Amino acid sequence: MSKIKVAIVGVGGRGSWLVETVAKRSDVEITAVCDRYIRRAAYIVQQCQLTGTRVFDDIGPLLAAVECDAVMVTTTDAHHAEVVVPALKAGKFVFCEKPLETTARKCKAIIAADHQAGGKTFVGFNLRYAPVYARVKQIIDSGALGDLLTIQADEFYDGGRTYFRRWNRSRAEGGGLWITKASHDFDLLYWFAGAKPLEVQAMAAKTYYVPKAEAAMQCRHCRLEATCPDRAPREAPALVQIREESGGEPHDLCLYNAPSDTFDHGIATVAFERSILATYTCNVVAGFSDRRIRVAGTKGTIEGCLSGTTLTLYKRDPSACIQVPVDVDLGISHGGADADVQESFFRFVRGEAEPKCRPADAITPVCLGLAATLSGDTHRAVSMARYRL
Ligand SMILES: NC(=O)c1ccc[n+]([C@@H]2O[C@H](COP(=O)([O-])OP(=O)(O)OC[C@H]3O[C@@H](n4cnc5c(N)ncnc54)[C@H](O)[C@@H]3O)[C@@H](O)[C@H]2O)c1
């Protein structure tokens, strides 16, 4: 079988990892790498010793000049549609990183282009491919839990330390944490509930990453640098250094003083059809990273965490507690998900598998994030009817 030809667009943290892993595959050829910072594209092509791979700083000229079957999009959240839509119009298969986009309007533009293209988009909600969550979904679908009543999801993430000095801190670039971070978990709530969301109520606050008068705007100029637990390393990794040298933000922005318009801890509740009620807790100040899930129905409850290798199933009649082993390689990132999501995309391109998440599914977690943002801002419950899903 001939190799699948791909172009990879957006090679920062996630995209450079993608180039490195795809470059090792014998069934795929990377024909082009593209980034607005073209030096990033050139650097990663050289690092991976890709010969014959062309570099670009814009998707338009790339599509005009390079042969490819698929475009993999790992640009920042508010810059997915500007790459996905032209790629679909050019007839390519598309892998789009989560979240689909940051506004309902741009999500709908992707859905329309995907429809016109005959359904060629695979959305990278990789947690659907994490063995723990895939097993929870199987158990729900088997009927073992009965009718669902409540879903609880928690995320504790040590990543505030990077988010508040990166684009993730800005609603304009990432939609705020209810989208750039929570869309993963809103997607899980929606997938597990198997029902339409009706209403969202959320509270969020920022109490840790708030301005400190005694700190400077960059660590290198800060008199607290030596003792600050959140200081940036003096040396930036190569790709970050390229961004800095190309006029992007400095790598050592102060986590406290860099302007941000999102939160560092929040709780959202979602009411779904069939009276399924869900909560999600997001805390990015925590000194550790893990996700926990508990889904309860009329016949049983399943619970577990992303870092675990077993789930616990509590049965109601007759009462029993069963350990459910999960076959997972925790050495693979995102709870074992990332290898499977990539393999599944290439199987989709070959016509051998269906995506677990398409654009028409992926707009819902974005709109849940928009509703949580609005609810947090206005201190009111927000009806999902406003998004016309
Ligand atoms: N699924 C996951 O678990 C997971 C994990 C990390 C990141 N992500 C997602 O991956 C995406 C990238 O995140 P990141 O942390 O790597 O960001 P990043 O800022 O490190 O890299 C993004 C790159 O995209 C480039 N870019 C932006 N718009 C562009 C355009 N129109 N054309 C060409 N290049 C463009 C930027 O110059 C930058 O180099 C985001 O959508 C993020 O939410 C997903």
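The values are calculated or read from the model by the stated rules, or taken from the named source; none is laboratory data. Because the structure is a prediction, the values reported are computed rather than measured. Don't worry about glycine lacking a Cβ; one is built from the backbone with ideal geometry, like all the others, and counts go over all protein chains shown.
Which condition number in (1) assigned by TED's automatic domain parsing to the domain that holds residue 12; (2) within 28 Å of residue 275 (Cβ to Cβ) is the one that residue 137 fails?
Failed condition: (1).
Which residues, taken from region 319-359, are free of Cβ contacts under 8 Å to residues at least 60 places away in the same chain and assigned to a loop (DSSP other than H, G, I, E, B)?
Result: 319, 329, 330, 331, 332, 351, 352, 353, 354.
Before we move on, is residue 8 within 13 Å of the ligand (Cβ to nearest atom) and either surrounded by fewer than 19 Cβ atoms within 10 Å (Cβ to Cβ) or β-branched (Val, Ile, Thr) (or both)?
It is true that residue 8 is within 13 Å of the ligand (Cβ to nearest atom) and either surrounded by fewer than 19 Cβ atoms within 10 Å (Cβ to Cβ) or β-branched (Val, Ile, Thr) (or both).
In region 75-111, what residues are in contact with a Leu (Cβ under 7 Å, 6 or more places away or on another chain), farther than 19 Å from residue 57 by Cα and within 8 Å of the ligand (Cβ to nearest atom)?
Selection gives nothing.
Quick check on residue 165: is it closer than 30 Å to residue 219 by Cα and in a helix (DSSP H, G or I)?
Judged against the criteria, residue 165 is not a match.
Give the number of residues within region 239-258 that are surrounded by 13 or more Cβ atoms within 10 Å (Cβ to Cβ) and not in a loop (DSSP other than H, G, I, E, B).
Going through region 239-258 one residue at a time, the tally reaches 7.
Select from region 35-54 the residues that are of a type in the set (Ser, Thr, Tyr) and within 14 Å of the ligand (Cβ to nearest atom) and write down the one among them that is farthest from residue 122 (Cα to Cα).
43
Could you look through region 221-238, keep only residues that are surrounded by fewer than 15 Cβ atoms within 10 Å (Cβ to Cβ) and farther than 30 Å from residue 39 by Cα, and pick out the one that is nearest to the ligand (Cβ to nearest atom)?
Restricting to residues being surrounded by fewer than 15 Cβ atoms within 10 Å (Cβ to Cβ) and farther than 30 Å from residue 39 by Cα, the top hit is 229.
Just for region 55-74: of the residues that are among the charged types (D, E, K, R) and away from the ligand (no atom under 14 Å from the Cβ), which one is surrounded by the fewest Cβ atoms within 10 Å (Cβ to Cβ)?
Step by step, filter region 55-74, then rank; the result is 67.
Looking only at residues in region 152-180 that are among the charged types (D, E, K, R) and crowded, with 24+ Cβ neighbours inside 10 Å, which one is modelled with the lowest pLDDT?
Top of the filtered list is 165.
Quick one: in region 112-160, which of the residues that are hydrophobic (A, V, I, L, M, F, W, C) and either at positive phi or in a strand (DSSP E or B) (or both) is farthest from the ligand (Cβ to nearest atom)?
149
Say whether the condition of being more than 13 Å from residue 266 (Cα to Cα) and crowded, with 24+ Cβ neighbours inside 10 Å is met by at least one residue in region 210-220.
Checked region 210-220: no residue is more than 13 Å from residue 266 (Cα to Cα) and crowded, with 24+ Cβ neighbours inside 10 Å.
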